[in-house]
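A short write-up of the structure that comes next.
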Amino acid sequence: MKNTKVTLAGVELKNPVMTASGTFGSGAEYSEFYDLSALGAVVTKGVANVPWPGNPTPRIAETASGMLNAIGLQNPGIDVFVQRDIPYLRKFDTKIVVNVCGKTVEDYCRVVERLAPEPVDLMEINVSCPNVKEGGIAFGQDPHALEEITKEVKKHAKQPIIMKLSPNVTDIAEMARAAEAGGADALSLINTLTGMKIDIYKKSFALANRTGGLSGPAIKPVAVRMVYQTAQAVKLPVIGMGGICTAEDALEFILAGATAVSVGTANFADPYAAKDVAEGIERYMDQQGVEDIRELIGAVR
Ligand SMILES: Cc1cc2nc3c(=O)[nH]c(=O)nc-3n(C[C@H](O)[C@H](O)[C@H](O)COP(=O)(O)O)c2cc1C
């Protein structure tokens, strides 16, 4: 019997495939297509201590092999989330990772505290959204601020904490080490790369926010490189994402050092993408005679 289980900060996932925050709703939409128990974990969209309206539209634009978004972390707030989304997800045999956003350190800590008694397995702290003016990215681009916010969040958290890193930095290894020094239990990367698109006929920005976050296959080589550098720099488990559409894509991240992977933008084009990635990894293991997925993690050095 081959083993596809991986352990993230003490939490066992039946397979290494997760969904990327903001691309899978609260899971309910996708459960119309398949049983979410097929996934190692579901990662929710970002939730804040109070509801956020998000950015003005247009908020999405297509690009070559990817997309730009500037949703601005629209969310119903933690109260609605706790009452509606957590009980729904608990019906499935999968782990629940809640993605947390905020504008100040206190905002993040309030959400983490509120989630402490809830049946949530892990929390992912988004300090890397390029689309909100205050907070968020400010923590993700300064190693000292990142270490400090990680320390504060850890003081209030009951569940293990994943710090989600921004690719919009010069030295990803320095950021990874700062999160590790702050006490993070795991790291996830990459969030979107800041981009811009111009509508040449309207002679204006394609997005109302002017800039947006680039995601999808276009960013995969950057993401694989950053996951590799991060896995080399720290002892923490790494969750890799950025342009994963197929099992082959996911395996690149695993071989580069990711313990788990997240499928994001691909869910929009194909709602079965994450499930297919999980099944494809098993097929690859059978074909290659791999008994245990852990043999593959970081096997390329
Ligand atoms: C429409 C959209 C919304 C997103 N919302 C969030 C979010 O709320 N929190 C977060 O940490 N990342 C968010 N992300 C980033 C993704 O989780 C992921 O890190 C990124 O898109 C790269 O993966 P991908 O290329 O597979 O989409 C969002 C991405 C997209 C495209």
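The set of residues from region 4-20 being open to solvent by 30 Å² or more (accessible area, probe 1.4 Å) and not in a loop (DSSP other than H, G, I, E, B) comprises Thr7, Glu12. The residues of region 255-301 that are within 18 Å of Pro221 (Cβ to Cβ), more than 16 Å from the ligand (Cβ to nearest atom) and of a type in the set (A, V, I, L, M, F, W, C), listed by number, are Leu255, Val300. Among the residues here, Val47 qualifies as in contact (Cβ under 8 Å) with a residue 12 or more places away in the chain, aliphatic (A, V, I, L, M) and within 13 Å of the ligand (Cβ to nearest atom). Being farther than 24 Å from Glu62 by Cα, more than 13 Å from the chain's Cα centre (by Cα) and of a type in the set (Asp, Glu) is the requirement here; does Glu252 meet it? Spelling it out, Glu252 is indeed farther than 24 Å from Glu62 by Cα, more than 13 Å from the chain's Cα centre (by Cα) and of a type in the set (Asp, Glu). Within the set Asp85, Asp121, the sole residue that is within 15 Å of the ligand (Cβ to nearest atom) and either of a type outside the set (Lys, Arg) or in contact with a Ser or Thr (Cβ under 8 Å, 6 or more places away or on another chain) (or both) turns out to be Asp85. In region 183-198, the residues that are among the small types (Gly, Ala, Ser) reach residues that are surrounded by fewer than 17 Cβ atoms within 10 Å (Cβ to Cβ) and not in a loop (DSSP other than H, G, I, E, B) with C-beta atoms within less than 8 angstrom, at least six apart or across chains, in these pairs: Gly183/Lys151; Gly195/Thr63; Gly195/Thr211. For Val97, state whether it is part of a strand (DSSP E or B), open to solvent by less than 10 Å² (accessible area, probe 1.4 Å) and within 15 Å of the ligand (Cβ to nearest atom). Yes, satisfied. Within the set Ile244, Ile172, the sole residue that is buried (at least 21 other Cβ atoms within 10 Å of the Cβ) and within 12 Å of the ligand (Cβ to nearest atom) turns out to be Ile244. Annotation: of all residues in region 100-111 being over 30 Å from Met196 (Cα atoms) and open to solvent by less than 10 Å² (accessible area, probe 1.4 Å), the one that is farthest from the ligand (Cβ to nearest atom) is Cys109. Within region 199-241, restricting attention to residues that are of a type in the set (Gly, Ala, Ser) and within 12 Å of the ligand (Cβ to nearest atom), the residue that is surrounded by the fewest Cβ atoms within 10 Å (Cβ to Cβ) is Ala218.
Residue check: Glu295 meets all listed conditions (1) open to solvent by less than 10 Å² (accessible area, probe 1.4 Å); (2) within 16 Å of Pro16 (Cβ to Cβ) but one, namely (1). The set of residues in region 146-169 being in contact with a helix residue (DSSP H, G or I) (Cβ under 7 Å, 6 or more places away or on another chain), within 16 Å of the ligand (Cβ to nearest atom) and either open to solvent by 50 Å² or more (accessible area, probe 1.4 Å) or more than 17 Å from Pro221 (Cα to Cα) (or both) consists of Leu146, Ile149, Thr150, Val153, Ile161, Met163. How many residues are in contact (Cβ under 8 Å) with a residue 40 or more places away in the chain and either farther than 14 Å from Thr150 by Cα or surrounded by fewer than 19 Cβ atoms within 10 Å (Cβ to Cβ) (or both) if we restrict to region 112-128? Result for region 112-128: 7.
Here Thr23 passes the criteria (1) surrounded by fewer than 17 Cβ atoms within 10 Å (Cβ to Cβ); (2) near the ligand (Cβ under 10 Å from one of its atoms) except the one numbered (1).
The values are calculated or read from the model by the stated rules, or taken from the named source; none is laboratory data. All values derive from a computational prediction rather than experimental measurement. A quick note on method: Cβ atoms are made from the backbone with ideal geometry, for glycine too, and the neighbour counts reach across all protein chains shown. SASA here: full protein model, heavy atoms, side chains in, ligands and nucleic acids out. Shrake-Rupley method; radii C 1.70, N 1.55, O 1.52, S 1.80 Å.
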